[in-house]
Structure formats: C-alpha cells, structure tokens
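Data first, discussion second: the structure below is written as structure tokens.
Since every read-out is calculated from the coordinates, none of them should be taken as a lab result. Keep in mind that what you see is a predicted model, and the values were worked out from it rather than measured. With ideal geometry, Cβ positions are generated from the backbone for all residues, glycine too; neighbour counts draw on all protein chains shown.
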Amino acid sequence: MPTLAKTGNEAMAEAMRQINPDVVAAYPITPATEIVMIFASFVADGLVDTEYIPVESEHSAMSACVGASAAGARVMTGTSSQGLALMYEILPIASALRLPIIMSDVNRAISGPINIHCDHSDTMAARDFGWIQIFSENAQEAYDNLIQAVRIAEHPKVKLPTMVTTDGFIISHCMEKIETLEDTEAKKFVGERKPEVSVLDIEHPVTLGALDLQDYYFEHKVQVADAMRNSIQYILEIAREYEKQTGRKYDLFEKYQLDDAEVALVALGSTAGTTKAVVDELRAKGVKAGLLKLRVFRPFPAEEIAKALANVPAVAVLDRSDSYNGQGGPLFTEIRSALYGKAKTPKLINYVYGLGGRDVTLDELRTVFADLKKIDQMPAYNYFGVRE
Amino acid sequence: MSEAKPGWKSLPENDALAPGTADKFHTGGWRSEKPIWNEKTCIQCMICWIACPDVSVTVKDGKMTGFDYDHCKGCGICAFECPTKPKSIVMETEKK
C-alpha cells in the first residue's frame, strides 16, 4: 500500500485520480483550488479519462454536474465557501433527481466579513439540501472518505449526492503522511456507476426534472428523506468493506475514550485531533475525558449518538459555525434534539468556536473540559476563543 | 379523473417519468392574440415555420397550410418575420 506525503487537497486530488470520474466540472476557489487544479493537470497529462469542464462559475459547475450525472456519468466536483453558496440553488436539484454527484468541499467561513479560513458555516448552510455530508479529521480521512463516498452516493438504495469535507488550510494545506490504495484496488473498490436512467439513452427515453407541483413534490421530498435515513446502513456496510481492504476503521462517528468518560466533547473535523491530544493529557492525570468525533453529519445518526453519550454525565458540543441566536450551533441543536426524551442523557452545553479560522488551542480545550466539571453553573450557549 | 395517485413508497424515484409529449397538452388557451394567415399573398417561404417556437405552423407536402391553434401561444413571431408586403400573417385579438 503506497505511503505518501500529501496535503489534504493533494490527498483528495489523488483519490479523484484513482476514481477516474467520467466528468469533473469545477471552478477554482481558495482553499479548494488545488484539488481541481491538480486534477486538471492529471487530465492534461492523460492520467485520467475524465471530461474536464472548466466552467465560468460554481453555479455552472453544479449545473454541468447535474446534466452529466443525469446522462449516467460518474461526476465529481470540488469547492468551498462562497463557491458552495453559489451552488446552493442547484444542490437540492441534484438530490431531488437522485443524482449521485460526489463533491469535495474544503470548509471555509462564509463571507462577510470577507474571510478565506476555516469554519463549517458553508456546509452547515447546505445541510437541508439532501446531500450526504461526511467530515474528515485529517488528510488520510479525506482520502478514505472520498473513495467511500463514490460507493455511498451511487448505492442503488441511496442515490444521493455526497460531499466530503476537510477543514480549510488546517487540513487542505497541511502535509501529512497518508496511505493510499493501489490504483487497481481503488478502481476495483469504486467499480463502475450503474445508472438506472440516462437522459442520453434514446432507446429508453425519460423525462427528468418535470414540473412537480402540489400533488407530487411532497412525495418526492419524502423519498429523499427516506433514502437519507436508510443510507446509514449502507454507509456502515461500505465502511466495513473498506476496512477489510485497508485496515482503517470507519463508522458514523469515532468514540475516543468515550465509554467510561465523565466529561466529553463532541467535535467535527480537525478539532477532533486537537481534542484527542487534550483527552490523552487529561487521562494521564486521571481525568476521565473523552471525545465523540462525528464523521457523518447527514444522515444524522441521532439514535446512535444518544446511545453513545447516554452514560457520559457532562458533554460539550463544539460548533465551528453559529446560528446567530438560534438555540446553539447546528451540531448542538441536533444533538440536544437527539437526546431529548431519552431515559438517560448527559448534561449538555454548546461552544461556538474557531469562526473565520480562529486558532483552536490546547489551552482552550482544557478550559472547556474544566467547564464541564461545573456544568450546572454554565449557560447552554457559549463561545470560546473570542475577545470580549 | 379521480384515480389514486401513488404515495412516496411506490412513486418512481428520481422524479423520472415516462417520456411525455406536449401534443396532448393544449397550450393554445394562453393566447391573447391569434395569427391569421392569408393564403393569397403567402409566398411559401417557410420563414414562419422556421421561426415558430411551438411548431405550430402546420405544413403538408412541403407547403404551409395554416396554424395549430391547440398549441400556438400567439407570440406573433410568425407575423413579425413574414416578409411579404402586405403581410401574409397578421395578429388579431382573441375574442372572449
């Protein structure tokens, strides 16, 4: 199995090279630029067979992806932040037409104020568009998740577009050691897309995307929700298959020292790695600290999370995006809803942190763990790392 | 008309439907003006047939024969493009 030094962006581009999609339509945007830039060089160098469409905007990129996917092609794209925002209009069309487009999104703050650094506000704003959303802690996970995303999206019982995210700059530009599959193994793992319909199949013509009014729109939307709920089992099935091949275990979330934890954090992305360092440090001092690192945010594994957190007395959910006076960040509101009405639930508080790429320090996470000791005195909705 | 519609469990996914045709869907009712053809001045240049966005200029044996009023939306492009003087297609207000 090749061991390589890759940034998060390079890792995702490498996964795309091995996947060798039929069509990639993309428009460059920091910090995701490199993914499609590197991939474009693979196209130019003849390393892939992909039809590469350099469009004039992300709106066009996603539109081209929808068209190509409807034709039956395996389609990928990559973007970030405002680029994803410009795709918003087309994202729910992709899911409604059940087109398994695969996207790498490098999480970056939504402007304004204008900012190019990491937070999760871009994909969180896209959470209700019927896309599967998978977060990655590091470059290795970015690579592994993107390979698995092809199978998840195209699974005949799923057929939902899927985005795999990394944290802007923190993962996208940080070089790490990763293990990849051999090209032949990757090719075998992803297989070929077997579309049920193709708008280019003139022997079996279909009308795709017809007007869907009061009498049918609702049913089609419930189908998307149902496919999303059902996808959990296939995400797990594909993860097990991937583990057999690579030895790397994937789940809906990772439990790190969680089972006997008395204080625990829930985090997404690179912050999970920072938290693990603090958990190790606290464990060495005899504090029963733990972490739940969520990998799959859509579908949201509510029952599984409720079960995993049931025996932890005090939990802080870390949100790298804000809902601006909603009842906490998006991850917190989901988890609190998942826990509501359960017989055994932890006390739960929320921290919004790291907006616009604000650095996340070990000290801040130590403070959060310390806050959990006095959780009864804490308000539900907090910030850390911001000047008052 | 009151046939039961399929629920989400049985409805085909993808919003993919059998190919349809506008032939059965009459859109001529939207029209506020209708084109009137004057066969006597018509030179059979077929410009109206090329320009019609709704394939509503009817043709038989290579000759223009009139309009398909079930589908003509009355946009007036045919009348605008008609090159004869006087015009062989003029628009008339639809009577209520």
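Peptide A:93-103 has a mean of 1 when you count, residue by residue, the C-beta atoms of other protein chains within 10 Å of its C-beta. For the set A:Lys221/A:Lys307; A:Lys188/A:Lys221; A:Lys249/A:Lys307, the pairs lying more than 23 angstrom apart at their alpha carbons are A:Lys221/A:Lys307; A:Lys188/A:Lys221. If R0 is taken as 25 Å, the Cβ-Cβ distance between B:Gln44 and B:Tyr69 corresponds to a FRET efficiency of 0.75. Considering only the Cα atoms of chain B, their convex hull presents on average a projected area of 9.3 nm². In a DSSP loop and with at most 16 other Cβ atoms within 10 Å, the GluC sites (Glu not before Pro) in segment A:170-203 are A:Glu182, A:Glu192, A:Glu196, A:Glu203. Computed from the Kirkwood radius of its Cα pairs, the Stokes-Einstein diffusion coefficient for segment A:169-296 at 4 °C and 1.567 mPa s stands at 67 µm²/s. For segment A:3-246, taking the reciprocal of the average inverse distance between every pair of different Cα atoms yields a Kirkwood hydrodynamic radius of 17.8 Å.
Helices in chain A, meaning DSSP H runs of at least 4 residues, each add -39500 (n - 2.57). Divided by all residues, the mean residue ellipticity at 222 nm is -12000 deg cm²/dmol.
Listed by Cβ neighbour count within 10 Å, with the fewest neighbours leading, A:Arg193, A:Arg320, A:Arg98 appear as A:Arg193, A:Arg98, A:Arg320. Within the protein assembly as shown, antiparallel bridges make up roughly 35 percent of the DSSP beta bridges whose residues both belong there. Our Cα-only numbers for segment A:253-384 put the radius of gyration and Dmax at 13.3, 38 Å.
Normalised by residue count, segment A:10-60 yields a Cα convex hull volume of 67 Å³ per residue.
Within the straight-line cut-off of under 28 Å between alpha carbons, the lysines reachable from B:Lys73 are B:Lys24, B:Lys34, B:Lys40, B:Lys60, B:Lys63, B:Lys85, B:Lys87, B:Lys95, B:Lys96, sequence neighbours fewer than 8 places apart in one chain being disregarded. Considering all C-alpha pairs of the protein assembly as shown, those separated by over 41 Å amount to 32%. Peptides A:137-145, A:88-96 ranked from most to least packed give A:137-145, A:88-96, packing being the mean of other C-beta atoms within 10 angstrom over each peptide's residues.
Per residue, chain B reaches -2000 deg cm²/dmol at 222 nm when only DSSP H runs of four or more residues are counted, each adding -39500 (n - 2.57).
Electrostatic tally near A:Val206: other residues with Cβ closer than 14 Å to its Cβ, Lys and Arg +1, Asp and Glu -1, net -4. For segment A:117-180, trypsin sites (Lys or Arg not before Pro) meeting the loop criterion (DSSP other than H, G, I, E, B) and having at most 12 other Cβ atoms within 10 Å: A:Lys157.
Loop-located trypsin sites (Lys or Arg not before Pro) across segment A:202-293 with a Cβ neighbour count of 14 or fewer within 10 Å are A:Arg248, A:Lys249, A:Lys285, with loop assigned by DSSP.
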